[in-house]
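Taking it in order: structure first as structure tokens, then the write-up.
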Amino acid sequence: MLEIGTKAPSFSLADQNGVLHSLEEYAGKKVVLYFYPKDNTAGCTAQACGFAQLYPQFMEKGAVVLGVSKDSVSSHKKFEEKYGLPFTLLSDPELETIKAYGVWQEKKLYGKVSMGVVRTTYLIDENGIITRAYGKVKASDNPGDMLRELEG
């Protein structure tokens, strides 16, 4: 996981519509950048729907929400449409950004060890500096926790 106070790594990733996004285009805004394992799984759906529900409050605070996983653009599009997600989902099938943010880690499931995305959320300030970093977040609590960070 990246350290608080460090510059957030730059990225250029396609969203659910195939449009490229870079961190630099959000200069001047707070960015909630959350990494999640997989579209349409229980935890990831709870997290995404939580962010969707609170999205107007994030916008009021001048913050953008960006979700990142290694799923394809088309998978993100289906996920967005199925749940009416109002924010950007970024596709990182090459794991470049996922690895740059230190969230590609060893995971254990039922005693089996594999590599995967550890659910992690970063709050990045208007100057591209990481101000908060949360590893192994609880999917359902994460959106509310991040909104409180912006208020706090």
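Bear in mind these aren't lab numbers, they're just calculated from the coordinates by the rules spelled out. Given the structure is predicted, the values throughout are model-derived calculations rather than measurements. When we count neighbours, we look across all protein chains shown, and the Cβ atoms used for this are built from the backbone with ideal geometry, even at glycine.
In a shell of Cβ-Cβ distance under 12 Å around L66, excluding L66 itself, what net charge do Lys and Arg (+1) and Asp and Glu (-1) give?
-1
Beta carbons within 10 angstrom, averaged per residue: use that to sort the peptides 75-84, 62-71, highest first.
Descending mean neighbour count gives 62-71, 75-84.
Which number comes out as Rg/Rh for segment 12-151 once both Rg and the Kirkwood Rh are worked out on C-alpha atoms? Let's see the in-between values first.
On the way: Rg = 14.0 Å, Rh = 15.0 Å.
Checking Rg against Rh, the ratio lands at 0.93.
Extending each Cα 7 Å along its Cβ direction at T131 and S72, get the distance between those two points in nm, one decimal.
A separation of 3.8 nm, rounded to one decimal place.
Could you list, in their original order, any pairs among K29/K78; K30/K77; K38/K108; K38/K61; K38/K136 whose Cα atoms are separated by more than 20 Å?
K29/K78; K30/K77; K38/K61
Zone of K107 (label point 7 Å along Cα→Cβ, backbone N under 14 Å): which residues in segment 29-54?
Answer for segment 29-54: 35-47.
May I ask for the distance between the Cα centers of segment 35-60 and segment 82-132, given as a whole number of Å?
When both Cα centres are located, 13 Å separates them.
Would you work out the charge dipole size for segment 15-152 about its Cα centre, treating the Cβ of every Lys and Arg as +1 and the Cβ of every Asp and Glu as -1, and quote it to the nearest 20 debye?
Around 620 debye, computed over segment 15-152.
Order of 104-117, 123-136 by packing, highest average Cβ count within 10 Å first? Can you show the working numbers first?
On the way: 104-117: 10.9, 123-136: 16.1.
Ranking the peptides 104-117, 123-136 by packing returns 123-136, 104-117.
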